[in-house]
Amino acid sequence: MTPDAFLFWLLTIATLGGGLAVILMTNPIYSALALVFTMVGVAGFFVTLGAHFIAGVQLIVYAGAVMVLFVMVLMLFDLRTEVTAFTRGLFTGALKIFSVGVFGGLVVGAISMGSNVLNDNTAAMKPVVEASLSPDAPTKALGEALFSRHIFGFEALGVLLLVIAVGTVALSRSRGGTHAK
């Protein structure tokens, strides 16, 4: 087995194991940590494909910022009383099974349609791919656009995320908040 194949299978097992842990864990904090583990595995796939920028964005944005927001939302809820929302009744069980069936059908349909489109457009995409082979072109263009034309929105988003984080911690720990005793 080559090192590339070994790394692929290792990342596959880790990512699928993390994804299953997200679903199977009963504690939402452990589930969020398993989701971080899954996102790190996906970033590992991007590294093996040579897409280091996308792997970095995957780690910073999804495994970092989005997971912090998930954990802050979990802090707002009183998780002991929220468990009753997920009942095991006959109707809700049937609804869950129906939803999984519909989602599975959508995934199978998307894969079959995507493979047909991919086979039809492979020859048409070759000139586009050859024209964009410069390794820094997309990253440089993104950086210039983000830090020149859109700097106000970029900084406003950072301040907004900071205010959300501080407000969530203050709300969850205040008297009469969700975790007050």
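Structure notes:
- Fewest-first ordering of V68, V107 by other beta carbons within 10 Å of each residue's beta carbon gives V107, V68.
- Taking 18 Å as the cut-off, the amide N atoms of region 20-34 that come nearer than this to a point 7 Å along the Cα-to-beta-carbon line of V107 belong to 20-25.
- Ellipsoid semi-axes in whole angstrom, largest first, where each is sqrt(5λ) of the Cα gyration tensor of region 1-86: 30, 16, 6
- Counted by Cβ distance under 13 Å from L146, the other residues give a net charge of 0, where Lys and Arg count +1 and Asp and Glu count -1.
- Ordering of 58-66, 159-167 by burial proxy (mean other Cβ atoms within 10 Å per residue, highest first): 58-66, 159-167
Coordinate-derived values only; no laboratory data. These figures come from a predicted structure and were not determined experimentally. Neighbour counts run over all protein chains shown; Cβ positions are idealised from the backbone, glycine included.
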